[in-house]
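The values are calculated or read from the model by the stated rules, or taken from the named source; none is laboratory data. Predicted, not measured: the structure shown is a model, and the values here were computed from it. Please note: Cβ atoms are built from the backbone with ideal geometry, for glycine as well, and neighbour counts cover all protein chains shown. Keep in mind that these areas ignore ligands, DNA and RNA; they rest on the heavy atoms of the full protein, side chains included. Shrake-Rupley method; radii C 1.70, N 1.55, O 1.52, S 1.80 Å.
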Amino acid sequence: MFMLLVAAGTLYLLMGKPGDALVLLGFVLVVMGITIIQERRTERALDALRDLSSPRALVLRMGRRQRIAGTDVVRGDILLLNEGDRVPADAILRRSSSLSVDESLLTGESVPVRKVPSDSARELDSPGGDELPSIFAGTLVTSGQGIAEVVATGVRSELGKIGKALQKIEPEPTPLQRETGRIVRILASVGLAACAAVAVVYGLTRGGSWQVWRDGLLAGIAMAMAILPEEFPVILTVFLALGAWRISRSRVLTRRLPVIETLGAATVLCVDKTGTLTQNQMTLRVVATEAAAVEVDESLRTVSNGLDAVLQSAVLASKPDPFDPMERALLAARDRLLPGAKAAQRDWEMTREYPLTHELLAVSHVWRSGHDSSVVVASKGAPEAIAELCRLSPDGRAQLSAQLKQLASRGLRVLAVARTELPIRELPADQAQLVQRFLGLVAFEDPLRKSVPAAVAECRAAGIRIIMITGDYPETACNIARKAGLSHPESVITGRELASISDLELADRIRETQVFARVVPEQKLRIVRALKANSEVVAMTGDGVNDAPALKAAHIGIAMGGRGTDVAREAASLVLLDDDFSSIVAAVKLGRRIYDNIKKAITFTIAVHVPIAGLSIASVLLPGWPLLLLPVHIAFLELIIDPSCSLIFEAEQAEDNIMSRRPRSTSERLFTGRTVTTAVFRGLSVLAACLVIVSLARPGHGPDAARALSFAALVVSFLMIILVNRSWTRSLVSMLRAPNRALWWVLSGTTVFLSAILTVPALQRLFSFSPLHAADLAASLITGVLCLTWFELLKRFAPWKQS
């Protein structure tokens, strides 16, 4: 389009019309300005997304843990590394526990290397090799924990040195951009061929003089400008980039832009229970012994009769400065209900910890007071593990099982507590050798997020199934599913069942199953594959290293931004920044809105190019007709078309029925037959109106007046296409009340400029217009408005069911 405008401007200069050339080249600058502004908006949006997508780092600054962007890490920072973290900078390990790192990014070797801490190391070793303290930016912690001191960041890191060689590599276009680029290239070729054909036909049929050939060349350029839909790449680039920015304002980060298309087609959302449907803020709800139980709420002031021993021992089995949410809930309850307990144990020292293992799901802490020769061993953990440590009798186990079932049916998470005292020299080497005394149970509640029931109801209305996947007990899962409003919450498949059934049976049962309980992360991949086998479009949430395959396999992988690992975030298409289920639903709604608006912009673009092309070729095919559209006219029309595509439709709000219609079929394309047909019929309506105006005005008013009247009707009809195309379900009048600042800027600006072109003599000559009678102009404008009333009637009497 830029080249065609410059060619037309050059031709005007050769014709001795510098004023026309300057105006046309002025339009070139305006169109370039609009493009640059939109590109800057797009770049700013993408920059904001890059800031959000930067790997996160957990650092220790001024004695406090802080989660910061990886780009904010500086030399001297203390990194806290855990399994699944992506190392944000080159560093030297100072403390560690069984830390292994995957350095294949730098070395090409897939086997993780073991790391050992060093207090004295100051220089980095080369990547690769076991038993070294050096860790490097971009590598992945595969197991263990560690504390490291940063020594190099950015281009000074090993990864940064590689990055310097990549600075000149341009990102590849997305498949959608390639598709539209191909369409534009085809239409551009057609446009250039039409340009040559129109120029030749016009010159041969009009006498062949220099003036005729000059007019023919102008008509050919106008024809090429009419056919070329240069707005398509702008629509897709701007809408997807700004769409990702809009989605990020709903606390969802888009890592891959094409997933925005897929959001509108999602049929199943597979979500974690903890932290997504629930608040992930554990509160102590019940303290129980074999003989009594008490509900912990705000009205409770203290506990006694053995319940205080349960609570105090549970705290002793927790870390002194806990990070675990249940341990923090225990500490908060102890401080409120037993305010003197902490002071009474001020001189106690924890001398040993028996950590939780896969074989025994319990943790035990050994405490000693002063120089006492005996110690207190407090244990808490899974009830079955504590029952083993306490050597409970069959009757005791049966009573414990009944208590557990009653608490789990309320959706509570239960830990058992035990305690013993023994001489320090009798402490066993293995936790399993301890013989504990069973004290009771503590039960926690992770409350449902208040926004979840409404969001679930919205998904059901939109034809989207919600499947909850949790490692919790079936009773707890059913309780949460019931509160959330999931359909058939009683239908549960456990991880053990999942391991025992075939893929075909799973694909059949999953059609009616909404809840999966006691599931390990590795089993999520089977669930995704079973849903895909049923032709579902699957969105899957995950946060751990083991969730990455399922996130990668899902059509839409959604990683948890708050508690997720870097591996999960890198495997996902979206990152949920606040881990809130309602944010996923908001992203789906926005994805549908963005796709709708892209279709509206494309429909508008096709519709307005039809009358432009038709009027350009009419002058050639109809003997005696003047040139109706010159390049300067089409350049003016581009000033309406460009901002309408990239500003007005991008900012349109969602349709009222956007979350009450079924998900879009994955086979549906942007350029569907219905979209193109609707657009072409609108364009033909406008073309017919303009041709009628010219045929009536030309005999009595002359060619310049006919050109002016048809151009006025064309501009007004373009504005009408914008107004009727804003919504395919709501009326034009009701949409005038819907806010869209860009719309009013375009409407008012077009009105002012069109009035000036039709009334100011200098501009009339520039556009090859003659003065008009008020009645003729009014009739022309009314015709431009009325030629599209059929679509408003279609919306009123046969509401358009937009897919």
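Summary of values
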| read-out | value |
| --- | --- |
| ASP503/SER189 FRET efficiency (R0 45 Å; Cβ-Cβ; nearest 0.05) | 0.40 |
| Cross-link reach list, aspartates and glutamates versus LYS552, counting only Cα pairs under 14 Å and skipping chain neighbours closer than eight places | GLU522, ASP543, ASP566, GLU570 |
| Paramagnetic label zone (point 7 Å from Cα along Cα-to-C-beta, SER451; backbone N under 18 Å) in the range 236-262 | 244-254 |
| Cα-based convex hull, the chain, per residue volume (Å³, whole number) | 208 Å³ |
| Shape box of the range 295-369 [Cα atoms, principal axes, largest first, Å] | 39, 28, 24 |
| Net length gained if the chain between PHE681 and SER409 were fully extended (0.36 nm per residue, minus Cα distance) | 91.8 nm |
| Rg/Rg_globular for the range 738-800, with Rg_globular taken as 2.2 N^0.38 Å and Rg from C-alpha atoms | 1.50 |
| Distance in nm between pseudo-label sites at THR729 and VAL752 (7 Å out along the Cβ direction from Cα) | 3.6 nm |
| Estimated 222 nm signal from helices in the chain, with DSSP H stretches of n ≥ 4 weighted -39500 (n - 2.57), rounded to 500 | -15500 deg cm²/dmol |
| Radius of gyration and maximum dimension Dmax of the range 353-493, Cα, Å | 20.0, 67 |
| For the range 645-803, the fraction of alpha-carbon pairs in successive 10 Å shells from zero, as % | 9, 33, 32, 18, 7, 1 |
| Reachable aspartates and glutamates from LYS450, criterion Cα separation under 15 angstrom, eight or more residues apart if same chain | GLU458, ASP578, ASP579, ASP580 |
| Cubic angstrom per residue, convex hull over Cα atoms of the range 590-670 | 116 Å³ |
| The chain - accessible surface per residue (Å², probe 1.4 Å) | 44 Å² |
| The range 684-803: relative contact order in percent, alpha carbon pairs under 8 Å with at least 6 residues between | 41 percent |
| Compactness relative to 2.2 N^0.38 Å, alpha carbon Rg of the range 402-560 | 1.29 |
| Intensity falloff of the range 258-398 expressed as log10 I(q)/I(0), Debye formula with alpha-carbon point scatterers, at q = 0.12, 0.13, 0.18, 0.22 Å⁻¹ | -0.62, -0.70, -1.20, -1.55 |
| Volume of the Cα convex hull of the range 488-642, divided per residue and given in Å³ | 181 Å³ |
| Nearest-0.05 FRET efficiency for ARG65 and ARG437, computed from C-beta distance (R0 41 Å) | 0.70 |
| The range 352-416, relative contact order in percent, only Cα pairs under 8 angstrom and at least six apart counted | 25 percent |
| Nearest 10 degrees, 0 to 90: helix 581-621 Cα axis against the chain principal axis | 10 degrees |
| Extended-chain gain in nm, criterion 0.36 nm per residue less alpha-carbon gap, LEU786 and HIS773 | 2.7 nm |
| Accessible carbon and sulfur surface of the chain relative to its total accessible area, %, 1.4 Å | 58 percent |
| Using alpha-carbon coordinates, inclination of helix 524-533 to the longest axis of the chain, degrees | 40 degrees |
| Computed label-point distance, nm, for sites GLU131 and SER104 using a 7 Å Cα→Cβ extension | 2.5 nm |
| The chain: angle of helix 774-786 to the longest principal axis, Cα-based, in degrees nearest 10 | 40 degrees |
| Gain on full stretching of the segment that runs from ARG75 to ILE36 - 0.36 nm per residue minus C-alpha separation | 10.2 nm |
| ARG182 paired with ARG214, simple spin-label distance in nm, labels 7 Å along Cα-to-beta-carbon | 4.4 nm |
| Nearest-0.05 FRET efficiency for SER491 and ARG114, computed from C-beta distance (R0 45 Å) | 0.50 |
